[in-house]
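Just so it is clear, none of the values below were taken in a lab; they were calculated from the coordinates. The structure presented is a predicted model; accordingly, all values stated were derived computationally and were not measured. For neighbour counting, all protein chains shown are included, and Cβ atoms are generated from backbone atoms with ideal geometry for every residue, glycine included.
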Amino acid sequence: MTTNSVFAPGPLLSGRRAVVTGGGGGIGAAISRAFASHGADVLAVDVEVGDPLEFDTAAGGSIALFECDVRDSEVLEPLLDHQPDILVNNVGHFVRAPKPFAENDHGLWDELHDINFGHVLRLTHAVLPGMAERGGGSVINLTTVEAHRAIPGHTVYSAYKTALMQFTRSLSAEVGPSGIRVNAIAPDLIESLQVPYAQLVPEEDEPMWPRWSPLGGPGRPEDVAGAALFLASDLSRFVTGGTLHVDGGTHGSGGWVPRESGGWTNRPRHP
């Protein structure tokens, strides 16, 4: 089991109850493990549930895996039964390989909406009344650096992620008086199930990482989990409506550049 400090047992979420969508693997699993290691009872919702997630039980936390597609209305009842103080809307996806917007089919737009934005509206809407009745809570939405910059070939994906960022800001103003905080995390260059840099970046290109990100890379799922732990806990009690960038600095310093062979990259070999 990874001994990264984010998984070390601690008291930050003792007595809290959390729901993490996409919580069975990758970034979601890292968030689930971090929360449970800090005492939270976590319901990790995922479309495919694998082996139990390992975490340090010293703080008294737990992880229950629930297999369900978050786009299905069936997820609402067990989610509400869990009575979460924390909701992490982690699920999102490109759905398909890059393709110019002019060549998109309309069905793709609906699919991208459902997996990147629609389910977030539905799940968040469902948990807010209970959070307010229990005195508050924390909603954390996973967006992407592409909510803040272009991503050629994924125009509609980027649009929905930007909508999620603005949803975060506006909702935070509405529910703040109820003690509910709403924030976002925008990752980039994180090794994940969807973007496995260990497979995508050839070995001969690995020395290029310091040019692709001020902090090098790639980042790890636990880097995002650390940000989520902060936003879920009382360490961020006066933080709402913001986006925390976990990207090694690419939002502040980088962008997309065209390849000589066509297409675009945010990992140029010859900057």
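Quick look at the numbers
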{"quantity": "Spatial extent of region 60-168: Rg and Dmax, with the Cα atoms as the point set, Å", "calculated": "15.6, 52"}
{"quantity": "Neighbour-limited loop hits for GluC sites (Glu not before Pro), region 1-79 (at most 15 other Cβ within 10 Å; DSSP other than H, G, I, E, B)", "calculated": "GLU48, GLU54"}
{"quantity": "Qualifying trypsin sites (Lys or Arg not before Pro) in region 172-254, DSSP loop, other Cβ atoms within 10 Å at most 13", "calculated": "ARG237"}
{"quantity": "Gyration tensor (alpha-carbon) shape descriptor, region 2-120, a/c threshold 1.5", "calculated": "prolate"}
{"quantity": "Backbone HN-Hα couplings from phi across region 72-79 [Karplus 6.51/-1.76/1.60, Hz, Gly and Pro as x]", "calculated": "8, 5, 4, 6, 5, 4, x, 5"}
{"quantity": "Region 117-180: C-alpha gyration tensor shape, a/c 1.5 cut-off, then a/b vs b/c", "calculated": "prolate"}
{"quantity": "Selection from LEU76, SER32, PHE167, by position along the positive dipole direction of the chain (Cβ)", "calculated": "PHE167"}
{"quantity": "Degrees separating the helix 26-37 axis from the principal Cα axis of the chain, which is the longest one", "calculated": "30 degrees"}
{"quantity": "Cβ-based exposure ranking for VAL139, VAL20, in which fewest neighbours within 10 Å come first", "calculated": "VAL139, VAL20"}
{"quantity": "Fraction of antiparallel bridges per DSSP, the chain only, in percent to nearest 5", "calculated": "5 percent"}
{"quantity": "Net dipole in debye of the chain [+1 Lys, Arg Cβ; -1 Asp, Glu Cβ; about Cα centre; nearest 20]", "calculated": "940 debye"}
{"quantity": "Two-decimal ratio, the chain, of alpha-carbon radius of gyration to 2.2 N^0.38 Å", "calculated": "0.99"}
{"quantity": "Rounded to whole Å, sorted largest first: equivalent-ellipsoid semi-axes of region 159-241, Cα gyration tensor", "calculated": "32, 14, 10"}
